[in-house]
Amino acid sequence: MDENKLNNEVNKAHRAKTILEDPLFKEAFTLLKDEYQAAMLATKHNEDDQRKALWQAYHITAKVEQHFHTAVETGKLATAQLNQLKQNS
């Protein structure tokens, strides 16, 4: 990966970390997960489609969060690669 792409990954990681640490973001995801879980548990035995949709929504929120965590980890790797490039030059 070239230095420009590595710097972009580092910047992306900083933005992702800022978002993940934002209290409003944390609150929103906690609220969504809690609401989806409560609604899923409140479905009746014959409401399979509704329960499935709620289950998917619950897990999609986790995937979105994971995307941000992945960006942070990728940024850490990019930082290490940039440091290695600086040492080698």
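The lone criterion from (1) of a type in the set (S, T, N, Q); (2) touching a residue at least 24 places away in the same chain (Cβ under 8 Å); (3) farther than 30 Å from LEU82 by Cβ left unmet by ASN7 is number (3). Within the range 45-67, is even one residue touching a Lys or Arg at 6+ places or on another chain (Cβ under 8 Å), under 30 Å from GLN84 (Cα atoms) and of a type in the set (Val, Ile, Thr)? Looking for residues that are touching a Lys or Arg at 6+ places or on another chain (Cβ under 8 Å), under 30 Å from GLN84 (Cα atoms) and of a type in the set (Val, Ile, Thr), one finds none in the range 45-67, hence no.
In the range 26-82, the qualifying residues are those that are of a type in the set (Gly, Ala, Ser), touching a residue at least 12 places away in the same chain (Cβ under 8 Å) and closer than 21 Å to LYS5 by Cα, and the one that is surrounded by the fewest Cβ atoms within 10 Å (Cβ to Cβ) is ALA71. If you filter the range 1-45 down to residues that are under 28 Å from THR79 (Cα atoms) and not in a helix (DSSP H, G or I), you find that the one that is farthest from the chain's Cα centre (by Cα) is ASP2.
A short reminder: the numbers here are calculations on the coordinates, not readings from a lab. Everything numeric here is computed off the predicted structure, so don't read it as measured data. Note: ideal-geometry Cβ built from the backbone for every residue, glycine included; neighbour counts use all protein chains shown.
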